[in-house]
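The values are calculated or read from the model by the stated rules, or taken from the named source; none is laboratory data. This is a predicted model, so every value here is computed, not measured. No Cβ is skipped: glycine too gets one built from the backbone with ideal geometry, and neighbour counts run over all protein chains shown. Just so you know, the surface numbers come from the protein's heavy atoms only, side chains and all, with ligands and any DNA or RNA stripped out. Shrake-Rupley method; radii C 1.70, N 1.55, O 1.52, S 1.80 Å.
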Amino acid sequence: MSNERIVNACLENLFKLANSSTGILNAIDESHAKELFKALHKKGFTLGQDVVYQQAIAHKWSDKHAKSLAKLAAQIDNGGRVIIKHSLNWGEPTVEKVIAQHH
């Protein structure tokens with residue numbers, strides 16, 4: 001099971017939900033990203049700041065918003081704590097679903 005394949009597939013799920021014009025400025029989109037990144041980190045997947053940035057750019061996110069998302073990924077990847085303002089119970093089920101699809 002490739003780290004890169006799982007992370008990219010999870011990011012695809014995030015990009016389907018998040019508004020590319022506002023990035024994670026929207027509290028719900030920010031919560032989706034935090035939940036997803038925390039779930040990936042918990043499962044032992046490396047997020048890779050550059051990968052997250054490049055994927056966001058490829059999905060038409062502005063440089064500013066892509067950098068913000070990548071910075072959040074790096075913070076969580078490095079064990080940094082984050083507060084999820086709107087618990088959506090989305091991250092872990094999404095990661096589990098992606099892992100099952102790629103198994």
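The single condition among (1) at pLDDT 95 or above; (2) closer than 22 Å to H102 by Cβ; (3) crowded, with 21+ Cβ neighbours inside 10 Å that E12 does not meet is (3).
Yes/no matrix, rows are residues, columns are (1) open to solvent by less than 70 Å² (accessible area, probe 1.4 Å); (2) within 14 Å of the chain's Cα centre (by Cα):
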| site | (1), (2) |
| --- | --- |
| S31 | yes, yes |
| F37 | yes, yes |
| D50 | no, yes |
| I57 | yes, yes |
| S62 | yes, no |
| A70 | yes, yes |
| K85 | no, no |
| H103 | no, no |
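Scanning region 49-99 for residues that are in a loop (DSSP other than H, G, I, E, B), under 12 Å from A33 (Cα atoms) and of a type in the set (K, R) yields one hit, K85. Select, from F37, F45, the only residue that is part of a loop (DSSP other than H, G, I, E, B), modelled with pLDDT of 95 or more and closer than 24 Å to H103 by Cα. Going through F37, F45 in turn, the sole match is F45.
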